Amino acid sequence: MRALEPWIAALTVVMAVGGWMGAVPAAAEDLPDLPGITSPDEAPEGCVSCHTGAMSLKNKLAALKHRNIDGKVEVIPDDCKSCHSEDQGLESMAMVAHSMHYASISNSEFITKHKGSCLNCHMMATGSGEVTVKSGPKNR
């Protein structure tokens, strides 16, 4: 599965924009909402941009009874990968993040508020099409 993760992310972005690529929109308002491409990027640091206050990752992890990561994790989600990998016997961060954000499609805030856009968590270079995961320093 690990080898497929970059392809899954890229395919998801292609599917998201596939409906309008090649077509000439009638007007700017006809463009899809693609954060960082067709609209401002309101989550430039991915997880830490959205998960603040009561929704902070620290609170979310505590609710899940996750072990304390203070002192070990400084950049999210990059540092999370030190444990969340096949080498460590845990689900990859891609599997964890995707299952959490898309688990309850009908009432997930990621879907209802953020439109489920992959580009809230991922960046796509407009020149090369390279897809990467956004990261940032954890919220204090």
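Data table
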read-out	value
Single residue of the stretch 62-72 satisfying the filter (surrounded by 11 or more Cβ atoms within 10 Å (Cβ to Cβ) and not in a helix (DSSP H, G or I)) that is modelled with the highest pLDDT	His66
Extreme residue, surrounded by the fewest Cβ atoms within 10 Å (Cβ to Cβ), among residues of the stretch 31-61 that are in a helix (DSSP H, G or I) and not hydrophobic (A, V, I, L, M, F, W, C)	Gly53
Residues of the stretch 73-91 classified as part of a loop (DSSP other than H, G, I, E, B) and farther than 15 Å from Ser135 by Cβ, total	5
For Thr126: the one exception among (1) exposed (fewer than 11 other Cβ atoms within 10 Å of the Cβ); (2) free of Cβ contacts under 8 Å to residues at least 24 places away in the same chain; (3) over 23 Å from Gly53 (Cβ atoms)	(2)
Pairs, first more than 11 Å from Val96 (Cβ to Cβ) and among the hydroxyl-bearing types (Ser, Thr, Tyr) in the stretch 55-66, second surrounded by 14 or more Cβ atoms within 10 Å (Cβ to Cβ) and modelled with pLDDT under 90, C-beta under 6 Å, six or more apart	Ser56/Asn139
Residue check for Met100: in contact (Cβ under 8 Å) with a residue 40 or more places away in the chain and either assigned to a loop (DSSP other than H, G, I, E, B) or out of contact with any Pro (no Cβ under 8 Å at 6 or more places or on another chain) (or both)	no
Subset of the stretch 103-138 (residues that are in a helix (DSSP H, G or I) and either aliphatic (A, V, I, L, M) or within 20 Å of Ser85 (Cα to Cα) (or both))	Ile111, Leu119
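The values are calculated or read from the model by the stated rules, or taken from the named source; none is laboratory data. Bear in mind the structure is a predicted one, so any value in this text is a computation, not a measurement. For neighbour counting, all protein chains shown are included, and Cβ atoms are generated from backbone atoms with ideal geometry for every residue, glycine included.
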